[in-house]
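**Student:** Please see the structure below; I have some questions.
What follows draws every value from the coordinates through simple rules; no lab data is involved. This one's a predicted model, so the numbers in the text were calculated from it and none came from an experiment. When we count neighbours, we look across all protein chains shown, and the Cβ atoms used for this are built from the backbone with ideal geometry, even at glycine.
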Amino acid sequence: MAQAVPGTMSLAAIDNPFVFPDLSRVPPVDEVGINERVARFQTRSIKSASKIAGLKLALSMIDLTTLEGQDTPGKVRQLCQKAIHLHDAYPGLPHVAAVCVYPTMVSVAKQALEGHDIRVASVATAFPSGMSSREVKLEDTRLAVAAGADEIDMVISRGAFLAGQDRYVFDEIVAVREAAGNAHLKVILETGELGTLDRVRRASVLAMHAGADFIKTSTGKIQPAATMPVTLVMLQAIRDYYRATGRMVGVKPAGGISTAKLALHYLVMLNETLGSAWMTPEWFRFGASSLANDVLMQLVKQDTGRYQSADYFSKD
Amino acid sequence: MATPDNRLAFDSGWKYDPAPESIDHISIEKRYGLFIGGEFVAPEKGRYFDSVNPATEEKLARVAEADAADVDRAVKSARAAYSGTWSRLRPRERGKYIYRIARMLQERAREFAAIESLDGGKPIRESRDVDIPLAAAHFFYYAGWADKLEYAFPGRRVKSLGVAGQIIPWNFPLLMAAWKIAPALACGNTVVLKPAETTPLTALKLAELIADADLPPGVVNILTGAGETGARIVGHPGIDKIAFTGSTQVGRSIMRTLAGSRKKYTLELGGKAANVIFADAAIDQAVEGIVNGIFFNQGHVCCAGSRLLVQESVADEVIDKLKDRMRTLIVGDPMDKNTDIGAINSPMQLEKIRSYLDVGQAEGGTMYQPECPLPAKGYWCPPTIFTGVAQSNRVVKEEIFGPVLAIQTFRTFDEALSKANNTAYGLSGGVWTDKGAKIFRMTAAVRAGVIWANTFNKFDPTSPFGGYKESGIGREGGLHGLDAYVQLEAH
Amino acid sequence: MAADERIAVAKTYKIYIDGKFPRTESGRYFALEDKRGKTVANVCRSSRKDFRNAVVAARKAQPAWAAASAYLRGQVLYRIAEMLEGRREQFASELTLQGSTAKQASREVDTSIDRLIYYAGWADKYQQLFSAVNPVASAHFNFSVLEPTGVVAIIAPDDSGLIGLVSTLAPAIVGGNSSVVLASEARPLSSVSFAEVLHASDVPAGVVNILTGFRSELSDQFASHMDVNALVHAETARKSLVAIEEAAAENIKRVVGRPSRDWLKTDNENPYLIRDTQEVKTTWHPIGT
């Protein structure tokens, strides 16, 4: 459980981060209050060296993503090239954190990234809808892990969650956690389908207690995808869970973050909510396909003083 | 990495570089006279005082000190404008002048914001996002009332009062000027306004703007000076109405001065608001509400949530989270866009706040302040909380008017309510709970003029503001704010 | 005197505190005389302590009275009028005793009854007239309502035995305030009888307290008491005004001056007089999911 209130809850729930949580104890979330807090983060003005540091950090946190029905080995290889060579004209750039693909493309990506410290993340569990049987989802996960995925991005069963079957959702994540073996498990809440911030918070608590290494906002297939308000709610859930259990959980907003300015706002929010321990790719990722180039253009602009054109930056 | 006791680390890592607001677009004269009869004139006795930037202790301008003769001149000018033009103007045309002020303020908003922060020490983020836009919105709101007053008072005939004397404080200089001037003009009165002696500049800039807007001379007169100038305005027989915002102590003496005078008056005085957090509240938003409640504008806010009442079962959690949040507050240069807490307005106010920090500790309270670097020059106070204090402590009872929060716990609804109301003040209050029925019971039972439920320190021109008990008499803002500037007669 | 003549029973005029009719704790009285100098009654000369006790009673009674439904408060005021109607002749003769002509007296009683009914009708309406939903620019629901200011001290007009009292009292209590009234010094008898009417009219104990006595002694107490929220008076003399208003400043008391040239006139009937002893409370709440 996310709240540490001595004497009012079982010690097991505090000590053991992996028990089914008492969701009735999850604090409510006020939407307007969250929006106001987000607006306040957005008034932060990031300049000079702090801007360059922030932009480079953002680059290093990107999960460069292609999740299309039309994905081919050729497309995935090109994406991996981009992951390795973000913009070689600018020396000293970090590389992205990972490449994120469908399970059938994991082996292609592994091969293309060989020798580079870039991880391969695979979506799984009947992504994006999650509308399949438990067995199919587990098999999907095993397939991706067997192909070499370092990270598994699973989706929760939103239908079951909305129908109040919290235990079903919890057990499913636990099962996928097992099937994923040593791979990092990111649990996609698909916040755009949850309807309220209260549910985002409850789903976050459920996922963390079920063993998520990361909680992730969205598949990118549903609008709205990541927003700062839902991400803030998830950060606050992570903070309370950490304070109660001592276990750090990462967060990945995905979809809709395409500008450097917005990425910096997310980092401000992360910095002022969870603090410096989370300010690394180990604990924070951007799921994005077009963010990297905008960050690169900003970095080059900071360097040269000239506003940049997309024509000078490789698409993939 | 994570710390062993599961605490968060905010003091290392990514720091924001300075992001100063540019001031190359603003103009401040070296010396300002008194704005009387539509122009700046020298004070009779030729006395001037300095307006100082509290963040740097540097002089910004010389400002005239109005004495009895100047007050008399301003009142006569206001009277002449009232009788000669303003009261004769068709209400619709009166409204158009006020709209003009609103629009010009919007156009020059950034300049006013910068000057407000330079002169008063408040963070540019607040003057830019709160003070100046709200001031313009107040003019805009009341401009529209000018030709609709008969609908505000069904069954009555509405008449203007004459000349209004208005005395405003240093915590929201331009906004308070707008709160006072806009409804006064809309209702057909003319004005003699005195800004506070530590923050006169935006009122003087407003005088320039009003001249630019071609308002008939004498409709708005602005006199700078200290308490003595204010007292001259209050006591002047040519004034029909007094509107004052400031301390309860001064409010009391104004009431005494006005005794028997039949002048109408409104008073916006001190406060010591309780912000009540129930265990079932949205805790993270409540923590944010506590921060907005007490650290907004360095706590120089009469309606600040300066007493936190938190239910015992969540007290440790709330206080821990509050401390974490305080560690992310940036204290320093008001002109930096990232500053959360700016400079204390004056050395006198800093002295007063510091004396309360001593008192609070001497009374046995536990004081917490986050570590934050403070500039070498200027007047600063880090955000401060006291735990282990009780209703009987002075830091709980008295208005500090600084970034200082007194925290108490409670067990039951009735205990919270009784503590909330156990004060001579009654300006504002806050309540945080997810339960609607509890909100209505609490908001109805707290004896205060403005109650924020699941939010705090919100202001709007359409929303009346003002206190119960020793927090004042009358309302400003909204439909109810018109009362202060009209006399009602039977048809 | 004929042998079979009945000797009238003279009435003892007492004060009214917390729903009871004590004599003044001070044991003092003043004699009320008619035009010919004959003593009509011995009237309580209330003390500061009586006033203090009355304020305690009023403070205690006020929250429940304010919390009573507007409908109920209207019914109670209407009941006062009903009771007064039943005692028209008693009040008319008392007013006559205190100097009115029979015609004046009966008009004053009738108007008092009608005025009570007028204000009874406002009980569940003035809130609708004076409250507002304020269209703020942010995502908040914001509304302003009237709430009673609390304990209202009333220095009833001296020039009227009944209608002045009714005109100053009714707007205060219909709005949920409790009150302590200093009756007309020159014409105190109707006030005491009016207390008896109140007592028979479902007015909760402590909501109205009525003292008789000397203005010179009690005005300052009424104005300066720290647990009184508002003072309603009908003074016009500058000296009295200065004294009252200076004393009222100590706790920022609301001072409502309400002189009237003619208490019978209908300009003493309007809802703005209710509003004079009300506070405006504004409540904000976010709108979200």
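**Student:** Amide H to amide H, which residues 5 or more places from B:Val276 or on other chains are under 5 Å from it, using H placed in the peptide plane?
**Tutor:** B:Leu309, B:Gly430, B:Val431, B:Trp432
**Student:** How much of the DSSP bridge set in the protein assembly as shown is antiparallel, in percent, rounded to the nearest 5? Present the calculation step by step, with values, prior to reporting the outcome.
**Tutor:** Numbers: 40 of 128 bridges.
Taking every DSSP beta bridge with both residues in the protein assembly as shown, the antiparallel ones total about 30 percent.
**Student:** Right, another one. Using +1 at the Cβ of each Lys and Arg and -1 at the Cβ of each Asp and Glu in region A:166-305, identify which of A:Thr219, A:Ala175, A:Met297 lies farthest towards the dipole's positive end.
**Tutor:** Toward the positive end, the furthest listed residue is A:Met297.
**Student:** Report the residue, chosen from C:Gly37, C:Gly150, C:Gly213, that carries the largest GNM mean-square fluctuation when chain C is represented by alpha-carbon nodes joined by springs under 10 Å.
**Tutor:** Largest GNM mean-square fluctuation: C:Gly37.
**Student:** Classify chain C: rounded, prolate or oblate, from the alpha-carbon gyration tensor (a ≥ b ≥ c, eigenvalue square roots; a/c under 1.5 rounded; otherwise prolate if a/b is larger than b/c)?
**Tutor:** Here chain C falls in the prolate category.
**Student:** How about region C:87-140: which GluC sites (Glu not before Pro) there lie in a loop by DSSP and see at most 13 other Cβ atoms within 10 Å?
**Tutor:** none
**Student:** Give me the extension gain from B:Arg92 to B:Leu488: residue separation times 0.36 nm, minus the current Cα-Cα distance, reported in nm with one decimal. It would help to have the intermediate numbers written out before the result.
**Tutor:** Working: separation 396, 0.36 × 396 = 142.56 nm, distance 1.99 nm.
Between B:Arg92 and B:Leu488, full extension yields an extra 140.6 nm.
**Student:** Here's another thing I want to ask about it. For B:Ser418 and B:Ala42, what is the calculated FRET efficiency with R₀ set at 45 Å and r taken between the beta-carbons, to the nearest 0.05?
**Tutor:** Efficiency for this residue pair is about 0.20.
**Student:** Another question about this same structure. So how do C:78-87, A:197-206, A:125-134 stack up, highest first, on mean other-Cβ count within 10 Å? Don't jump to the answer; show the numbers that get you there.
**Tutor:** Numbers: C:78-87: 19.3, A:197-206: 24.9, A:125-134: 17.1.
Descending packing order for the listed peptides: A:197-206, C:78-87, A:125-134.
**Student:** Measuring from a point 7 Å past the Cα of A:Ser129 along Cα-to-C-beta, which residues in region A:54-81 have an amide N at less than 16 Å?
**Tutor:** Taking a point 7 Å out along Cα→Cβ of A:Ser129, the residues of region A:54-81 whose backbone N falls under 16 Å are A:69.
**Student:** Would you please give the residues with an amide H less than 5 Å from that of C:Asp18, counting only those at least 5 places away or on a separate chain, with H modeled from the backbone geometry?
**Tutor:** So C:Asp18 has HN proximity to C:Gly206.
**Student:** Moving to a separate point now. Past 23 Å, Cα to Cα: identify those pairs from B:Lys435/B:Lys458; B:Lys15/B:Lys458; B:Lys96/B:Lys205; A:Lys56/B:Lys323; B:Lys30/B:Lys194; B:Lys148/B:Lys194, in the order given. If you can, show how the numbers build up before the last one.
**Tutor:** Values: B:Lys435/B:Lys458 21 Å; B:Lys15/B:Lys458 30 Å; B:Lys96/B:Lys205 20 Å; A:Lys56/B:Lys323 30 Å; B:Lys30/B:Lys194 20 Å; B:Lys148/B:Lys194 28 Å.
Checking Cα-Cα distances, B:Lys15/B:Lys458; A:Lys56/B:Lys323; B:Lys148/B:Lys194 exceed 23 Å.
**Student:** Then there's this: Partner chain Cβ atoms within 10 Å, averaged over the residues of C:248-260 - can you pull that number for me? Before the final figure, lay out the partial values.
**Tutor:** Values: counts 4, 10, 4, 5, 17, 4, 4, 5, 0, 1, 0, 0, 0.
Taking the mean over all residues of the peptide, I get 4.
**Student:** Turning to a different aspect of this structure: Run through the DSSP bridge list for region B:358-491 and note the antiparallel percent, rounded to the nearest 5.
**Tutor:** 35
**Student:** What percent of all Cα-Cα pairs in chain A falls into each 10 Å bin, going from 0 up to the bin containing the maximum distance?
**Tutor:** Per 10 Å bin, starting at zero, the Cα-Cα P(r) for chain A comes out as 6, 28, 35, 23, 7, 1, 0 percent.
**Student:** Tell me the label-point distance for the pair C:Arg107, B:Lys435, using the 7 Å Cα-to-Cβ offset, in nm and rounded to one decimal.
**Tutor:** Distance between the two pseudo-spin positions: 5.9 nm.
**Student:** Can I ask one more? Assigning unit charges at the beta carbon (Lys, Arg +1; Asp, Glu -1) and nothing else, what dipole magnitude in debye, to the nearest 20, does chain B show about its Cα centre?
**Tutor:** 1920
**Student:** Still on this structure, please answer the following. Does anything in region A:79-97 have its amide N under 16 Å from the 7 Å Cα→Cβ label point of A:Asp303, and if so which residues?
**Tutor:** Inside the label zone: A:84-96.
**Student:** Need one number: % antiparallel among DSSP beta bridges in chain B, to the nearest 5. The partial results should precede the final answer.
**Tutor:** Details: 22 of 62 bridges.
Roughly 35 percent of the DSSP beta bridges within chain B come out antiparallel.
**Student:** Between C:Arg261 and A:Thr43, how high is the FRET efficiency from 1/(1 + (r/R0)^6) when r is the Cβ-Cβ distance and R₀ = 56 Å? Nearest 0.05. Display every interim value, and only then the final one.
**Tutor:** Values: r = 60 Å, r/R0 = 1.07.
E(calc), rounded to 0.05, equals 0.40.
**Student:** If packing is taken as the mean number of other Cβ atoms within 10 Å per residue, what is the order of B:352-364, B:202-214, B:278-290, highest first? Display every interim value, and only then the final one.
**Tutor:** Details: B:352-364: 15.5, B:202-214: 21.1, B:278-290: 24.6.
Order by mean packing, descending: B:278-290, B:202-214, B:352-364.
**Student:** If you don't mind, there's one more thing I want to ask. Can you tell me the 0 to 90 degree angle between the C-alpha axis of helix C:189-199 and the longest principal axis of chain C, rounded to 10?
**Tutor:** For C:189-199 against chain C, the angle is about 50 degrees.
**Student:** Taking the Cα centre of the protein assembly as shown as origin and charging only Cβ (+1 Lys, Arg; -1 Asp, Glu), how large is the dipole, in debye to the nearest 20? Don't skip to the end; give the middle numbers.
**Tutor:** Values: 125 positive and 122 negative charges, 462 e Å.
Computed charge dipole of the protein assembly as shown: roughly 2220 debye.
**Student:** How crowded by other chains is B:260-267, given as the mean number of beta carbons from other chains within 10 Å of each beta carbon? Spell out each step's value before the answer.
**Tutor:** On the way: counts 11, 4, 5, 0, 0, 1, 0, 2.
Other-chain Cβ atoms within 10 Å of each residue's Cβ, averaged: 3.
**Student:** Sort B:244-252, C:260-268 by packing, meaning the average of other beta carbons within 10 Å per residue, with the highest value first. Walk me through the numbers on the way to the answer.
**Tutor:** Working: B:244-252: 20.9, C:260-268: 14.9.
Going by the mean number of other Cβ atoms within 10 Å, highest first, we get B:244-252, C:260-268.
**Student:** Shifting gears a bit: Show me the GluC sites (Glu not before Pro) within region A:85-160 that DSSP assigns to loop and that have at most 10 other Cβ atoms within 10 Å of their Cβ. Don't skip to the end; give the middle numbers.
**Tutor:** Details: sites: A:Glu114, A:Glu135, A:Glu139, A:Glu151; in loops: A:Glu114.
When the GluC sites (Glu not before Pro) of region A:85-160 are filtered for loop state and at most 10 Cβ neighbours within 10 Å, A:Glu114 remain.
**Student:** Evaluate the charge dipole of region C:125-244 about its Cα centre and quote only its size in Debye, nearest 20, assuming +1 on the Cβ of each Lys and Arg and -1 on the Cβ of each Asp and Glu.
**Tutor:** Working: 5 positive and 10 negative charges, 58 e Å.
The calculated dipole for region C:125-244 is roughly 280 debye.
**Student:** Using only Cα atoms, tell me the angle between helix C:238-248 and the longest principal axis of chain C; keep it within 0 to 90° and round to the nearest 10.
**Tutor:** Between helix and principal axis, roughly 50 degrees.
**Student:** Moving on to the next point. Which lysines have a Cα less than 17 Å from the Cα of C:Lys11, not counting those fewer than 8 places away in the same chain?
**Tutor:** Qualifying lysines at Cα under 17 Å: C:Lys20, C:Lys38.
**Student:** Using the membrane-span-like helix rule (whole DSSP H runs, Cα extent along the own axis of at least 24 Å, mean Kyte-Doolittle hydropathy at least -1.0), which helices of chain A qualify? Can you show the working numbers first?
**Tutor:** Values: long enough: A:228-245 (25 Å, 0.35).
What comes out of the filter, once short or polar helices are dropped, is A:228-245.
**Student:** Related question: Using +1 at the C-beta of Lys and Arg and -1 at the C-beta of Asp and Glu, which of B:Val52, B:Trp145, B:Pro91 has the Cα lying farthest in the positive direction of the dipole of chain B?
**Tutor:** The listed residue farthest towards the positive side: B:Pro91.
**Student:** Moving on to the next point. Okay, helix-only estimate at 222 nm for the protein assembly as shown: each DSSP H run of n ≥ 4 adds -39500 (n - 2.57), divide by all residues, round to 500 deg cm²/dmol; what do you get?
**Tutor:** On the way: 37 runs with 436 residues, N = 1096.
Only helices count here, giving -12500 deg cm²/dmol.
**Student:** Please compute the modelled spin-label separation between A:Asp71 and C:Val133, points set 7 Å along Cα→Cβ, answer in nm with one decimal.
**Tutor:** Output for this residue pair reads 5.0 nm.
**Student:** In addition: Short version: ³J(HN,Hα) in whole Hz for each residue of region A:218-227, in order, from phi by Karplus 6.51 cos²θ - 1.76 cosθ + 1.60 (θ = phi - 60°), x for Gly and Pro, what are they?
**Tutor:** Using θ = phi - 60°, the values come out as 8, 7, x, 9, 10, 9, x, 8, 5, 10 Hz.
**Student:** Going through the DSSP H helices of chain B, which span 18 Å or more along their own axis at the Cα atoms while scoring at least -0.5 as a mean Kyte-Doolittle hydropathy?
**Tutor:** Working: long enough: B:68-81 (20 Å, -0.11); B:91-107 (24 Å, -1.21); B:173-186 (20 Å, 1.34); B:312-327 (23 Å, -0.92); B:347-362 (22 Å, -0.41).
The qualifying helices are B:68-81, B:173-186, B:347-362.
**Student:** Next question, about the same structure. Please give me, ordered by residue number, the trypsin sites (Lys or Arg not before Pro) of region B:255-341 that lie in loop per DSSP and have at most 12 other Cβ atoms within 10 Å. Before the final figure, lay out the partial values.
**Tutor:** On the way: sites: B:Arg256, B:Arg262, B:Lys263, B:Lys264, B:Lys272, B:Arg307, B:Lys321, B:Lys323, B:Arg325, B:Arg327, B:Lys337; in loops: B:Arg262, B:Lys263, B:Lys272, B:Lys337.
Taking region B:255-341 and a limit of 12 other Cβ atoms within 10 Å, the loop trypsin sites (Lys or Arg not before Pro) found are B:Arg262.
**Student:** When the Cα centres of region B:226-278 and region C:148-177 are compared, how far apart do they sit, in Å?
**Tutor:** When both Cα centres are located, 26 Å separates them.
**Student:** Follow-up question, since we're still on this one. Consider a paramagnetic label point 7 Å from the Cα of B:Ala226 along Cα→Cβ; state which residues of region B:51-66 have an amide N under 15 Å from it.
**Tutor:** B:51-52, B:63-66
**Student:** Mind checking which aspartates and glutamates have their Cα closer than 13 Å to the Cα of A:Lys315? Skip sequence neighbours fewer than 8 apart in that chain.
**Tutor:** List returned: A:Asp294.
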